[in-house]
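Visitor: Quick one: this structure, given as C-alpha cells, is what I'll be asking you about.
The values are calculated or read from the model by the stated rules, or taken from the named source; none is laboratory data. Keep in mind that what you see is a predicted model, and the values were worked out from it rather than measured. A quick note on method: Cβ atoms are made from the backbone with ideal geometry, for glycine too, and the neighbour counts reach across all protein chains shown. Note: areas computed on protein heavy atoms with side chains; ligands, DNA, RNA excluded. Shrake-Rupley method; radii C 1.70, N 1.55, O 1.52, S 1.80 Å.
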Amino acid sequence: GALDHERLLHASRLDPQSASGSARVDFLRKPRHERWTKVTISDSTVAIIGTGNIGSTLAANLAAGGQDFLLAGRDQEATRKLASSLDGHAEAVSIDEAIERADVLVFAVWLDAFRELIAQYGERLAGKVIVDPSNPVGPDGAGGYHKVIGEQESSGQILAGLLPAGARLVKAFGT
C-alpha cells in the first residue's frame, strides 16, 4: 500500500504560572527533529541492501527518524557493525532474508550489482516496492566516475524492464 507518514510533536503547553511565556520560546528554539517524538515512515517492512556510502547514509537517516528496518550487504561483518551502531533500529540480515521479509527494498548498490540481484531474485521481487537511489555511474580507473550506460539511456527504464510484473520501481534519494 501507500507509505503512511505520521509526525507527532511534543506537547507544547505554556506553564499557566509563567507570565513570560518562556516555555513556548524554548519549544520554538529547539530544532524540528528534537520536537518530534515519533516518525513512522512506513507500516511496511523496509530493507536496505548495501552498506556503502548511500546505504549507510540512508540507514543512519532512517534510524535517526525512528524507523526500524532490515539491513543487508555482501560483507556480513560490516553489516552487523553498521546495524549495531544504529540504536537498535536496524536488524542485520542476509540479502536472502531481506528479500524474503521486506515489502520495500532499497537497493543501495552499483548498477551492475542491481542487475545481478534482479537476475538472482527475479520473481521473488514481484509485489514489492523497489527503491533505486543509485546513479548509473562507475569508477573510471583514474579516481573519478563515468556514466556506465548510453547518454540517451535511463537506468530507471533499464531496471524497470528487468523487474518482474508486479514489482514497482521508485527512483529516490539519488544525487
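Visitor: Can you find a residue in segment 112-130 that is open to solvent by 70 Å² or more (accessible area, probe 1.4 Å), under 22 Å from Asp75 (Cβ atoms), aromatic (Phe, Trp, Tyr) and under 17 Å from the mean Cα position of the chain (by Cα)?
Guide: no
Visitor: Do the conditions hold for Gly138, that is, is it surrounded by 14 or more Cβ atoms within 10 Å (Cβ to Cβ) and within 18 Å of the chain's Cα centre (by Cα)? It would help to see each step written out before you state the result.
Guide: On the way: surrounded by 14 or more Cβ atoms within 10 Å (Cβ to Cβ): yes; within 18 Å of the chain's Cα centre (by Cα): no.
Spelling it out, it is not the case that Gly138 is surrounded by 14 or more Cβ atoms within 10 Å (Cβ to Cβ) and within 18 Å of the chain's Cα centre (by Cα).
Visitor: What are the residue pairs meeting all of these: first residue in segment 104-132, first residue more than 25 Å from Lys147 (Cβ to Cβ) and in contact (Cβ under 8 Å) with a residue 60 or more places away in the chain, second residue of a type outside the set (A, V, I, L, M, F, W, C) and part of a strand (DSSP E or B), Cβ atoms under 9 Å, and 6 or more apart or on different chains?
Guide: That search, which allows pairs on different chains as well, returns Val129/Arg168.
Visitor: Another question, then. So Ser134 fits all but one of (1) touching a Leu at 6+ places or on another chain (Cβ under 9 Å); (2) within 16 Å of Val46 (Cβ to Cβ); (3) small (Gly, Ala, Ser); what number is the exception?
Guide: (2)
Visitor: May I ask you to list the residues in segment 80-94 that are among the hydroxyl-bearing types (Ser, Thr, Tyr) and assigned to a helix (DSSP H, G or I)?
Guide: Just the residues of segment 80-94 that are among the hydroxyl-bearing types (Ser, Thr, Tyr), to begin with: 84-85, 94.
Ser84 - this is the single residue of segment 80-94 that is among the hydroxyl-bearing types (Ser, Thr, Tyr) and assigned to a helix (DSSP H, G or I).
Visitor: Further question on the same structure: Restricting attention to segment 86-102, report how many residues are open to solvent by 10 Å² or more (accessible area, probe 1.4 Å) and in contact with a Lys or Arg (Cβ under 6 Å, 6 or more places away or on another chain). First the steps, then the outcome.
Guide: Residues of segment 86-102 that are open to solvent by 10 Å² or more (accessible area, probe 1.4 Å), as a first pass: 86-92, 94-97, 100-101.
Those left that are additionally in contact with a Lys or Arg (Cβ under 6 Å, 6 or more places away or on another chain): 92.
Number of matching residues: 1.
Visitor: Right, another one. For residues that are in contact with a Leu (Cβ under 7 Å, 6 or more places away or on another chain), in contact (Cβ under 8 Å) with a residue 40 or more places away in the chain and open to solvent by less than 40 Å² (accessible area, probe 1.4 Å), scanning just segment 144-175, find the one that is farthest from Glu123 (Cα to Cα).
Guide: Filtering segment 144-175 for residues that are in contact with a Leu (Cβ under 7 Å, 6 or more places away or on another chain), in contact (Cβ under 8 Å) with a residue 40 or more places away in the chain and open to solvent by less than 40 Å² (accessible area, probe 1.4 Å), the one farthest from Glu123 (Cα to Cα) comes out as Ser155.
Visitor: Would you be able to tell me the number of residues in segment 51-78 that are closer than 20 Å to Asp132 by Cβ and either touching a residue at least 60 places away in the same chain (Cβ under 8 Å) or not in a strand (DSSP E or B) (or both)? Explain how you work it out, then say what you get.
Guide: We begin by selecting, within segment 51-78, every residue closer than 20 Å to Asp132 by Cβ; these are 51-62, 67, 69-74.
From what is left, the residues that are either touching a residue at least 60 places away in the same chain (Cβ under 8 Å) or not in a strand (DSSP E or B) (or both) are 51-62, 67, 73-74.
Number of matching residues: 15.
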